Amino acid sequence: MLHLLGVNLPDRKIVLVALTYFYGIGPQTARKVCSQLSIHKECKMNELSETKVNQLSSILSNMTLENDLKRKISANVHHLREIGTYVGKRHAMGMPVHGQHTLNNSKTAKKLNRRWLRKYSTSSRLAPVFGILQSPLSNKQD
């Protein structure tokens, strides 16, 4: 296995497929990287020379991948939630963001979110009626 930038790439995989093991690289980006390095479509990872591996690592190090990309995406979502946009509110509620219909396709998400919100309710009068757990902070012992 080739260990490149914190990701283990299997030797027997085709380079196009192995590059998609990186978070942030899909099939189209993998094709662009392979065309930049003039790697043919059927080349496998164990067939790459040292110079190709070095060139590949230099190209990938200039891209935003893995944890940096995850951090950037979560910061963008947090910013949207913080300023109170419609998209940020939909993220906070766990609902579809890009205008999908919610009648059929997001019933499971709505059900789970409703259950999670009720689970941590601080209201003591709702707990016996619905059989839900109270917040750990509301169970203070004297």
Point to revise | Selected residue [within 18 Å of ALA18 (Cβ to Cβ), at pLDDT 85 or above and in contact with a Phe, Trp or Tyr (Cβ under 8 Å, 6 or more places away or on another chain)] from LEU56, LEU37, LEU60, LEU48 | key: LEU60
Point to revise | Conditions (1) within 30 Å of LYS111 (Cβ to Cβ); (2) part of a helix (DSSP H, G or I); (3) not hydroxyl-bearing (Ser, Thr, Tyr): number failed by PRO96 | key: (2)
Practice item. For segment 39-74, enumerate the residues that are over 12 Å from LEU2 (Cα atoms) and among the β-branched types (Val, Ile, Thr). Key: ILE39, THR51, ILE59, THR64, ILE73
Study note, to complete from the structure: When segment 98-116 is checked residue by residue, the ones that are modelled with pLDDT of 65 or more and farther than 21 Å from THR85 by Cα are LEU103, ASN104, ASN105, LYS107, THR108, LYS111
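The values are calculated or read from the model by the stated rules, or taken from the named source; none is laboratory data. None of these values were measured; they are calculated from a predicted model. Ideal geometry is used to build each Cβ from the backbone, glycine not excepted, and the neighbour counts take in all protein chains shown.
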